[in-house]
Every structure is written in C-alpha cells, then in structure tokens.
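Notes follow the structure.
Values quoted throughout were computed directly from the atomic coordinates according to the rules given, and no laboratory measurement underlies them. This one's a predicted model, so the numbers in the text were calculated from it and none came from an experiment. All Cβ positions, glycine included, derive from the backbone under ideal geometry; neighbour counts span all protein chains shown.
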Amino acid sequence: MLKKFLLASAILAATSTAAFADGPYVGASLGAEAGSFNLKDDSGSSVDFGGRGAVGSIFGGYGATVNQNIYLGGEVFANLTSTSADIKVDSDNVKDSIKNKYGYGISFIPGVMLSDHTMVYGRAGLVRSRFEVKESAPVSSSQSKTLTGGQLGIGIQTSLTQNVDLRGEYDYTSYRSANFSGNKLSPATDQFNLGLIYKFD
C-alpha cells in the first residue's frame, strides 16, 4: 500500500508544474490502520494480537523552506479510527475486545525539497488516543482510557495546483502501557494515509 502511495505521488510530482508554497495550511486524509496489542495479566502471562480498521484525519499547520531545500513545519491533528481487535483466552474463558476510537496530537515536520513542487519529509510527534477495552466473559465490563504515544513517520508531498497538495504518508505510534481491569495493555499502531492539503496564500 505504501508503495502505491509513493508511486502515485512520484507520477504526480513528475507532471506537476505548481510551486511549493510556504505558510499556513489545513487538510484531511483517509487511510488504513493496523493495531498491535500486548495484554498481560497479574500472573505475568501475556498474549499478542492485532486488529485493523480505517482512519480519517483532519489537520492544520504552518511550514516554510528555511533555505534552498530544507523545509520545517509544525502540525496539529485529530484522528477518528475504527481499529478494533478481539481476543479469547480459552484457559481462563476470557473474551475481550479492544478499540482505538479517536486521538489528537502535535508533530514537528522536517523535510527536504526534491524540486520546487515536491518534498520528502519526516514526522516526530506526540499522540493522545482513546482506547476502550470491553470484557464479555466471564463477566461483562467496559473501561476507557486515554494513552500517550510517541509517533514517527515518513511521507512525500507534491503540489497539484498553487494551493492544493497531495500527501502520502506512513506513521508508527507506540503508546505507554496502562492497566485495564487488572490487565496491562501495551498498544502500537501502523498507519498508511493519503491526504489533500489546502495552502493559504
């Protein structure tokens, strides 16, 4: 999927004639998220499992080229995800479901200009996401917590018009562990996003 994003962006970059612009911007993206979860009980026994879902984001930021080919920017964002996973431990007759519901964060975005209208960039930031753990057996319960994570990413962005850019990006986020009803949850996510950006003059 990442290869398709990068290939599409590279083709658009080769055919685009719009120049990359500095200043404030807003945008939105859609993509896929894969979650990996480690669940450990009081006895020290643990199990790893994963889930998948869609992710939609809105964001805003400011960026500028600080010399001929170095770009620096900052961004705030909000995510709405549907990533969920189910787990069943037969020995204890335990059935749990875990869902990543939404998140928000802030990022630093350094980039390198490949041309006047295309750049590759990295992302380093902090994310706060809401996780919900539901237990349906042996008893029914539900608990939600907001966890903090560190995020790293890489992407490519190219100008389509004077004010509109296309972005393809991969992000990895690792969250701090938290206790849910006596079980320690350690989540991490991989995201692939394709987004459009509107740059203000």
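Couple of notes before you dig in:
- Label point distance in nm, R176-T161, each placed 7 Å from Cα along Cα→Cβ: 4.4
- Taking each residue as 0.36 nm, the span from S46 to A28 lengthens on full extension beyond its C-alpha to C-alpha distance by 2.8 nm.
- Distance between modelled label sites at R128 and K184, nm, 7 Å Cα→Cβ extension: 2.5
- Length gained when the stretch N69-S142 is fully extended (0.36 nm per residue, less Cα-Cα span): 21.3 nm
- Estimated dipole of the chain in Debye, rounded to 20 [Cβ of Lys and Arg +1, of Asp and Glu -1, Cα centre]: 160
- Pair-distance distribution of region 35-94: all C-alpha pairs, bin width 5 Å, starting at 0; shares per bin in whole percent are 4, 12, 15, 12, 11, 10, 10, 9, 7, 5, 3, 2, 0.
- In degrees, nearest ten, helix 2-15 long axis to first principal axis of the chain (Cα): 10
- The chain - Rg (one decimal) and Dmax (whole number), Cα, Å: 19.4, 62
- log10 of Debye I(q)/I(0), alpha-carbon scatterers only, for region 123-194 at 0.18, 0.21, 0.28 Å⁻¹: -0.78, -0.91, -1.19
- Full extension of the chain segment joining V120 with S36 gains 27.5 nm, where the gain is 0.36 nm per residue of separation less the Cα-Cα distance.
- Helix-only mean residue ellipticity at 222 nm for the chain, each DSSP H run of n ≥ 4 adding -39500 (n - 2.57), per residue, nearest 500: -2000 deg cm²/dmol
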